[in-house]
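Student: Once you've had a glance at the structure underneath, I'll fire off some questions.
The values are calculated or read from the model by the stated rules, or taken from the named source; none is laboratory data. Quick caveat, the model's predicted, so the values are computed rather than measured. Glycine gets a Cβ as well: all are built from the backbone with ideal geometry, and neighbour counts include every protein chain shown. Accessible surface is based on the protein model in full, side chains and every heavy atom, while ligands, DNA and RNA are left aside. Shrake-Rupley method; radii C 1.70, N 1.55, O 1.52, S 1.80 Å.
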Amino acid sequence: MAPKTPELLGFQITHRAMRGDVRRLARLATDLADGRQSATRARAAAIAGFVTALCHGIHHHHTMEDQVLWPVIERAAGAEVDLRDLSDDHSELDPLLAEINSQVTAFASGGDARALAVSLTRLADMLDEHIEEEERLLFPIITKYVSVADWKRVEDAVRKGGNIRVDLPRIEQYARPAELARLRRLAGPVLTVLLSLLRGGHRRRQLLVFGPLAEV
Ligand SMILES: [Fe+2]
C-alpha cells in the first residue's frame, strides 16, 4: 500500500551517517595529530578521498534543503515554522567545509593533521547540534503538512547530486537491522543488487581509512 505520509527513514539514516562519519574522522585526525596512529601515503590519500567526498555530500545535502525542502515546507506550513536559524547554520557550514577540504589536501601532501583535527571536531559538534534541532523541529512538520509527492521530489533532488558509491553503502552501515529491512521493502530488489555491488569497495576503502580495529 502506498504511504500516506512522507517516509523520513532515509533522511534520518543519512543524517546519522553524516554525524557518525564526521565524528569518526575527527577522532582519527586527532589520533594522527597526537601520534597515536600514523598514515602511509596510501592511507593519507584514502583519508583525503573520504573527507572530500563527505564534505561534498554534506554541502549537497544542505544545499538541497535550502533550495528544495525549505520552499516545500514554507508552502505547506509557512506559518508554523521559522527556518532562519537552520539556514544560518547552513551558511556557517560552507566556509568550514571549504577549510577542511584544503586542510585535508595539505595533510595528504605530507602536512600534519592538527588543523584538520580541530576543524573536523568543530564540524562534528556543529552537525550534532544542527541535525538534532532540524529533526526535532522539522520532522513533525513534514509528517503533518508535506505531501508524499513533494517529499519524493526532495528525496530525488538529494539523491540526484549525491555519490551513490559513497552514500548507499553508508546507509547499510548505519541502519539498524529493522530499519534496513524496512528500506529494502520500500526500495525493492534494486537496493539489494546495488548494495551487493558497492559493499566490497566501500569496505576496502574504510579499512584503509580507519584501520582493521575501527568500529562504526
Ligand atoms: Fe540541515
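Student: Which of A46, A26, A77 moves most in a GNM of the chain, Cα contacts under 10 Å?
Tutor: A77
Student: So, one more: About the Cα centre, and with charges only on the beta carbon of Lys, Arg (+1) and Asp, Glu (-1), how big is the dipole of the stretch 35-100? Nearest 20 debye, please.
Tutor: Numbers: 5 positive and 11 negative charges, 151 e Å.
Here the stretch 35-100 has a charge dipole of around 720 debye.
Student: Oh, and also: Please give the FRET efficiency for A77 paired with L207, using the beta carbon to beta carbon distance and R0 = 35 Å, rounded to the nearest 0.05.
Tutor: Efficiency, from the Cβ-Cβ distance: 0.20.
Student: What area, in nm² and to one decimal, does the C-alpha convex hull of the chain cast on average over all directions?
Tutor: About 12.0 nm², averaged over all directions.
Student: I'd like to know which of H61, I171, V193 lies farthest towards the positive end of the charge dipole of the chain, counting +1 on Cβ of Lys and Arg and -1 on Cβ of Asp and Glu.
Tutor: Result: V193, furthest along the dipole toward the positive end.
Student: Could I ask something else about it? Not counting the cut sites, what is the longest span of the chain without trypsin sites (Lys or Arg not before Pro) that DSSP labels loop and that have at most 12 other Cβ atoms within 10 Å?
Tutor: Formally, the longest exposed-site-free interval is 37-216.
Student: Give me the percent of the accessible area of the stretch 146-192 that comes from carbon and sulfur atoms, probe 1.4 Å, all protein chains in place.
Tutor: 62
Student: Taking 0.36 nm per intervening residue step and subtracting the Cα-Cα distance, what contour gain separates S91 from Q12 on full extension?
Tutor: 26.3 nm
Student: Then there is this: Tell me, what HN-Hα J-couplings in whole Hz come from the Karplus equation 6.51 cos²θ - 1.76 cosθ + 1.60 at θ = phi - 60° for each residue of the stretch 117-129, using x for Gly and Pro?
Tutor: Per residue, the Karplus-derived 3J(HN,Hα) values read 4, 5, 5, 5, 5, 5, 4, 4, 5, 5, 5, 4, 5 Hz.
Student: Kindly sort T121, T105 by accessible area of their heavy atoms, largest first, with the probe set to 1.4 Å.
Tutor: Details: T121 50, T105 80 Å².
My answer, sorted largest first, is T105, T121.
Student: Moving on to the next point. Can you tell me the FRET efficiency between R136 and A45 if r is taken as the Cβ-Cβ distance and R0 is 35 Å, rounded to the nearest 0.05?
Tutor: About 0.35, to the nearest 0.05.
Student: Another question, then. If you count only protein heavy atoms with a 1.4 Å probe, what accessible area per residue comes out for the chain, rounded to a whole Å²?
Tutor: Values: 11480 Å² over 216 residues.
About 53 Å² of surface per residue is accessible.
Student: Please compute the modelled spin-label separation between D112 and R176, points set 7 Å along Cα→Cβ, answer in nm with one decimal.
Tutor: According to this spin-label approximation, the distance is 4.2 nm.
Student: Sticking with this one: Cα axis of helix 177-187 to longest principal axis of the chain: angle in degrees, 0 to 90, nearest 10?
Tutor: Computed tilt is about 60 degrees.
Student: Working out 0.36 nm times the residue gap between L197 and D31, then minus their Cα-Cα distance, what length gain in nm do you get to one decimal?
Tutor: So the extension gain works out to 56.5 nm.
Student: OK, next. What is the Cα convex hull volume of the stretch 1-91 when expressed per residue in Å³? If you can, show how the numbers build up before the last one.
Tutor: Details: hull volume 12.4 nm³, N = 91.
With only Cα atoms used, the stretch 1-91 gives 136 Å³ per residue.
Student: Residues in the stretch 7-31, backbone N under 20 Å from the label point at A149 (7 Å along the Cα-to-beta-carbon vector): list them, ranges by number please.
Tutor: Residues 7-8 fall inside that zone.
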